[in-house]
Amino acid sequence: MDEQTRKLLEECCVGCKMAVESFGQVKEYVKDTRFRELIDEQIAKHQKLEDEAVSLLKNSGIEPKPPGIMASAMSWFTTEIKLAFNSDNLQIARLLIDGCTMGIKTLGEKVNQYDKADKKASDLADRIIRTEESLLKELKDFL
């Protein structure tokens, strides 16, 4: 596997893993049944996308890297602080929208940076971006 493909797939893994962690973290605060169902759907979608990236890496003998400890810790801490003061649907939707936006921006930059990555990796990254864009539209209902 070439370096650009590996790096793009690693970014896909990290992004999906952080998304699943974030969904799990906010889920306990969500009281609205429809919102909880949306979060459950997103956890399943992101886990499936992550599994696909992991599989592509492992098939080439590469073990996926976990998200950086500092990035994960800061994300968790920021979310906990914000939800400690206000955990209504509006606040949770804002947090998830911020996460989606960051994911789209980061992965979009990586797709452009690693433009020589193979088609499977590029297609997976594009599907993750489309998943995030779709979620943004759905989250607007909770603002």
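The values are calculated or read from the model by the stated rules, or taken from the named source; none is laboratory data. Fair warning: this is a prediction, and the values are worked out from it, not measured in the lab. Backbone-built Cβ (ideal geometry, glycine too); neighbour counts: all protein chains shown. Calculation scope for accessible area: heavy atoms of the full protein, side chains included, ligands and nucleic acids excluded. Shrake-Rupley method; radii C 1.70, N 1.55, O 1.52, S 1.80 Å.
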Convex hull around the C-alpha positions of the chain: the volume in Å³ per residue is 92
Part-to-part distance (alpha-carbon centres) for segment 1-75 and segment 78-133, which is given in Å: 10
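Can you work out the FRET efficiency for the pair K120 and R36, with r the C-beta to C-beta distance and R0 = 22 Å, to the nearest 0.05?
Working: r = 33 Å, r/R0 = 1.50.
The calculated FRET efficiency here is 0.10.
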Give the angle, between 0 and 90 degrees and rounded to the nearest 10, that separates the Cα long axis of helix 33-59 from the longest principal axis of the Cα atoms of the chain. 20
Cβ-Cβ FRET estimate between D2 and S134, R0 fixed at 35 Å, reported to 0.05: 0.70
Given the -39500 (n - 2.57) contribution per DSSP H run of 4+ residues, what per-residue ellipticity at 222 nm results for the chain, rounded to the nearest 500 deg cm²/dmol? -28000 deg cm²/dmol
Residue of T101, T79, T33 that the Gaussian network model of the chain assigns the largest fluctuation, springs spanning Cα pairs under 10 Å: T33
Could you name the lysines whose alpha carbon sits less than 30 Å from that of K82, not counting residues in the same chain fewer than 8 places away? K17, K27, K31, K45, K48, K65, K105, K110, K137, K140
Taking the Cβ of A44 as the center, what net charge do the other residues with Cβ under 12 Å away carry, scoring Lys and Arg +1 and Asp and Glu -1? -3
For K119, which aspartates and glutamates qualify as cross-link partners when the Cα separation must be under 18 Å and same-chain residues fewer than eight apart are set aside? D2, E3, E10, E11, E50, D51, E52, E109
Give, in nm to one decimal, the length gained when the segment between K48 and T101 is fully stretched (0.36 nm per residue of separation minus the Cα-Cα distance). 17.1 nm
Taking the Cβ-Cβ separation of L90 and S55 as r and a Förster radius of 30 Å, what is the calculated FRET efficiency to the nearest 0.05? 0.20
Starting from the 7 Å offset along Cα-to-Cβ, what nm value, one decimal, do you get for the label separation of I62 and R127? 1.8
Classify segment 9-92: rounded, prolate or oblate, from the alpha-carbon gyration tensor (a ≥ b ≥ c, eigenvalue square roots; a/c under 1.5 rounded; otherwise prolate if a/b is larger than b/c)? oblate
About the Cα centre, charge dipole magnitude for segment 32-143 (Lys/Arg +1, Asp/Glu -1 at Cβ), debye: 220
Accessible area in square angstrom per residue, the chain, 1.4 angstrom probe: 57
